[in-house]
1. Leaving out same-chain residues fewer than 8 places away, which lysines sit with a Cα under 20 Å from that of K53?
2. Just the number, please: carbon plus sulfur as a percent of the accessible area of region 109-203, 1.4 Å probe, no ligands or DNA/RNA counted.
3. Once phi is turned into ³J(HN,Hα) by the Karplus curve 6.51 cos²θ - 1.76 cosθ + 1.60 with θ = phi - 60°, what whole-Hz value does each residue of region 135-151 show in order, with x for glycine and proline?
4. What is the distance in Å between the Cα centroid of region 1-57 and that of region 331-405?
5. Compute the Cα gyration tensor for region 119-263, then decide on rounded, prolate or oblate, letting a ≥ b ≥ c be the square roots of its eigenvalues: rounded whenever a/c is under 1.5, prolate when a/b is larger than b/c in the other cases, and oblate in all that remain.
6. Can you tell me the length gained on complete extension of the stretch M96 to N189, counting 0.36 nm per residue apart and subtracting the Cα distance?
7. Over the chain, with a Gaussian network built from C-alpha contacts below 10 Å, which listed residue (I117, I24, I177) shows the highest mean-square fluctuation?
8. For region 273-430, what ratio Rg/Rh do Cα atoms give with a Kirkwood hydrodynamic radius?
Amino acid sequence: MAMKTSPHTAVVGLAWGDEGKGKIVDLLCADYDIVVRYNGGANAGHTVCIGDKKFALHLLPVGVLREGVVGVIGPGVVVDPVALLAELDELAQRGMDVSKRLRISDRAHLVMPYHKIEDRLREGGGAAQKIGTTARGIGPCYADKMLRSPALRVADLLDLQGVETRVRKTVDGKRSIFQARYGDDGDLNFGEIWADMRMAAERLKPMIADCSTYVLDQADAGKRVFFEGANGMLLDVDHGTYPFVTSSHTGPQGIAAGAGVPHNFIGRCIGVTKAYTTRVGEGPFPTELLGEVGDQIREAGHEYGTTTGRPRRCGWLDAFALRAMVRLSGVSEIALAHLDTLSGFEKVGICTQYRLKGRDVPAIPASAADLAHVDTVIELMPGWSGDLSAYTASAELPEPARNYIAKIEAIAGVPVTLVSVGPDREQTIVRSR
Ligand code: GDP
Ligand code: IMO
Ligand code: MG
């Protein structure tokens, strides 16, 4: 029997998030039937610009913006039901009712108000280390998922009576813990929480499904599935810059578990990186540019968080980390975003190696303290100028920009198949694979 190649595709971030995944997913998923989120929650902020319209989605996969594409929120996602409804309502107000095209996994876990409060309280001084989270309750919700007994899943919305006592006890328990640990009970009110859950249950019920079975059935029927990664490889809970990471598996490693598909389900996997590197929140960032150049990149690239509005930290492209994340993720191609943003710099830097105590290191150090102390080998390459946003072919790009792309390919070991030169769908150069 001939082996069939898989028609299913994934897009993942190769750095600390905000690589421009939303734009790339939107561009590519037009030819797909289903788009699946498999990790994270409303900590994600994926932006899509279509003409003069801009959409920023957090829990919904941006693929649903394409008419006819079914959105799936997979079992590995943590779902804040109130935030999800607000997102659906906002889209409906803009003339897009996607609720009939959305399926939410019955196995996904619920982000409850006390998770968001705990996130805020911990970051406010309770935690030994401030992570700089998005305060969306992600870590506390995944922690409860692993603890199991306090956790609530989307399936529980189908039988609220069955969990009422447990929710009441959990709220009481969290209140006491918060009071004892932070001197603040978080103003938790069971009545309000319960009312929101009843409202969410009523509205979300028609969308709740066994999404793993749904995706597998649809694939068997010849439908094409697209996976939309949230956050980025360097934020992966196991492989990222721990503890300054998120609480899920962000790369292809997370897809099988987080979507409920086999390990060999995906045929094409694209990693997204910007032409420079950014990071939001705390944690080591070896190529960070703290002076004027960093500010210049932030302003040129409008580097302010989609979810929290925080200014993003900016630096030269960390190609040493990029190479490591390409190897780890197994992506076979790169989508390079924000090449336009680097226009106008006389020299463009790219980090090719980390050094610790005067020696090259073979890989990203496990210890955050070591990572905070690495020196970077930065190669300065000739820059380019001019507005790149109207270019549609690689050959039109200024020579130094082409050389820069070639350098990234040489270091990463995979081809750059897409070059994004602006936020709009149209502002993309497709290179041959
Ligand atoms: P995501 O989380 O990976 O989806 O990325 P975000 O949406 O959080 O951040 C990327 C930002 O860059 C958004 O504001 C996009 O509209 C914008 N963007 C994406 N690609 C490009 C590009 O090639 N050039 C420019 N100038 N902006 C881009
Ligand atoms: P998208 O999908 C950028 C970062 C937070 C913080 C750390 C932990 O838009 O690329 P969390 O709230 O997840 O516990 O925060 O991870 N972070 C992101 N940074 N883009 C994201 O998502 C992020 N999701 C989480 O800033 O440093
Ligand atoms: Mg983002």
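The values are calculated or read from the model by the stated rules, or taken from the named source; none is laboratory data. Being a predicted model, the structure only gives us computed values, none of them experimental. All Cβ positions, even for glycine, are placed from backbone atoms using ideal geometry, and neighbour counts span all protein chains on display. With ligands, DNA and RNA removed, areas are computed over all heavy atoms of the protein, side chains included. Shrake-Rupley method; radii C 1.70, N 1.55, O 1.52, S 1.80 Å.
1. Straight-distance partners of K53: K21, K23.
2. On the way: 2380 of 4960 Å².
Heavy-atom surface of region 109-203 belonging to carbon and sulfur, 1.4 Å probe: 48 percent.
3. 3J(HN,Hα) across region 135-151, in whole Hz: 6, 9, x, 5, x, x, 5, 5, 5, 5, 4, 6, 6, 6, 4, x, 6.
4. Each part reduced to its Cα centre gives a spacing of 23 Å.
5. Values: a/c = 2.73, a/b = 1.24, b/c = 2.21.
It comes out oblate by the Cα gyration axes.
6. Details: separation 93, 0.36 × 93 = 33.48 nm, distance 3.36 nm.
That pair, M96 and N189, stretches by 30.1 nm at full extension.
7. Result: I177 has the largest fluctuation of those listed.
8. Reported Rg/Rh (Cα atoms, Kirkwood Rh): 0.95.
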